[in-house]
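Throughout, read-outs are computed from the coordinates displayed, never taken from laboratory work. Quantities reported herein were computed from a predicted structural model and do not represent experimental measurements. Glycine also receives a Cβ, built like all others from the backbone with ideal geometry; neighbour counts cover every protein chain displayed.
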Amino acid sequence: MFGCDEPKAAELERLLEKEAKARLGLETDFFVRTGAEWREVVEGNPFPDEAESDPSHLLVFCLKEAPKAAAVEALQEAIRGREEVRAKGRHAYVTYPDGIGRSRLTNAVIEKHLGTRGTGRNWNTVRKLQALVEAG
């Protein structure tokens, strides 16, 4: 956990990605969020009932860029199960009522439809990160 303001977060992502490649030979994405952004993620959750009743099947995807509304609609239309998706800025919230492992709504499908890379964390982890933000 470290501090930075929002404009510098994107610079920090690029620096971490560059250094991971140079020092470790690892090509990976980093997703940096400020404490204020993380509070907005928690407070902006469109699925509060699921967060309470089934937090391990509610995921927040941190995205590199905010998807266009048409891309979110295309993703919602591509869903063949009972999953639900909502997007707010650079975050997508996904419920997996029948479990994540059996779902066809994979990270690759989400990235393809939204046109940006992302990484997901379940609501239990989101709340643990929020506790770190609050303690920080």
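List of remarks:
- Straight-line reach from LYS68: taking Cα to Cα under 24 Å and skipping same-chain neighbours fewer than 8 places apart, the lysines in range are LYS8, LYS88, LYS112.
- Placing unit charges on the Cβ atoms of the charged side chains and taking the dipole of region 1-133 about its Cα centre, the candidate lying farthest along the positive direction among ALA74, LEU16, ILE100 is LEU16.
- For mean projected area of the Cα convex hull in nm², computed directly from the structure shown, the correct entry in (1) 7.8; (2) 10.7; (3) 8.7 is (3).
- Summing Cβ point charges (Lys, Arg +1; Asp, Glu -1) relative to the Cα centre of region 13-125 gives a dipole of roughly 460 debye.
- 3J(HN,Hα) from dihedral phi, region 38-51, Karplus parametrisation 6.51/-1.76/1.60, rounded to Hz, x for glycine, proline: 5, 4, 5, 4, 5, 5, x, 4, x, 10, x, 5, 5, 4
- Under 19 Å from LYS21, Cα to Cα: aspartates and glutamates that are on another chain or at least 8 residues apart: GLU11, GLU13, ASP29
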